[in-house]
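Notes follow once the structure below has been shown.
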Amino acid sequence: MKFTVSMKENHLFRRLYAKGKSAAGPTVALYARPNRSQRSRLGLTVGTKVGNAVKRNRVRRRLREIYRTHEEEMKPGFDLVVVARTRAAFASYAELRRDFLRLLDKLEVRRKL
């Protein structure tokens, strides 16, 4: 992830949930808000309802890879939080990718190609 840093502070997540725009799909929910920087920040949330630690980490790795491969298509300077839903554990990589990209377009975070 060249242009992105990891978001780990709780207050940043809470501010994004309160003031950011959101969109939800069957496998993931996405929150986005512009920040005043040229770097984007990414936060991933995978709750215990998704499954045991192995399943949660697998979903987290997949979401991080989807973000990494499409990072150059996104506008810089956004805070993004991806919240995995329960169905994410049973979804294929292609389903997760399709839902993620659709939500990016809906929130207008992805550049028009």
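Tabulated results
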read-out: Pick from the stretch 51-70, criterion of a type in the set (K, R) and out of contact with any strand residue (DSSP E or B) (no Cβ under 8 Å at 6 or more places or on another chain), ranking: farthest from A89 (Cα to Cα); value: R68
read-out: Only one of S6, S22, S37 that is closer than 21 Å to L96 by Cα and at pLDDT below 95; value: S6
read-out: Residue in the stretch 40-55 that is modelled with pLDDT of 95 or more, of a type in the set (S, T, Y) and out of contact with any helix residue (DSSP H, G or I) (no Cβ under 8 Å at 6 or more places or on another chain) present; value: no
read-out: Helices (runs of 4 or more DSSP H) within the stretch 6-113 that include 3 or more residues crowded, with 19+ Cβ neighbours inside 10 Å and either of a type in the set (G, A, S) or in contact (Cβ under 8 Å) with a residue 40 or more places away in the chain (or both); value: 93-106
read-out: Complete set of residues in the stretch 64-82 that are touching a helix residue (DSSP H, G or I) at 6+ places or on another chain (Cβ under 9 Å) and within 23 Å of G47 (Cβ to Cβ); value: E65, I66, Y67, D79, L80, V81, V82
read-out: Subset of the stretch 80-103 [among the charged types (D, E, K, R) and either modelled with pLDDT under 95 or more than 12 Å from the chain's Cα centre (by Cα) (or both)]; value: R87, E95, R98
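The values are calculated or read from the model by the stated rules, or taken from the named source; none is laboratory data. This one's a predicted model, so the numbers in the text were calculated from it and none came from an experiment. Counting neighbours? That spans all protein chains shown, and the Cβs are built from the backbone with ideal geometry, glycine included.
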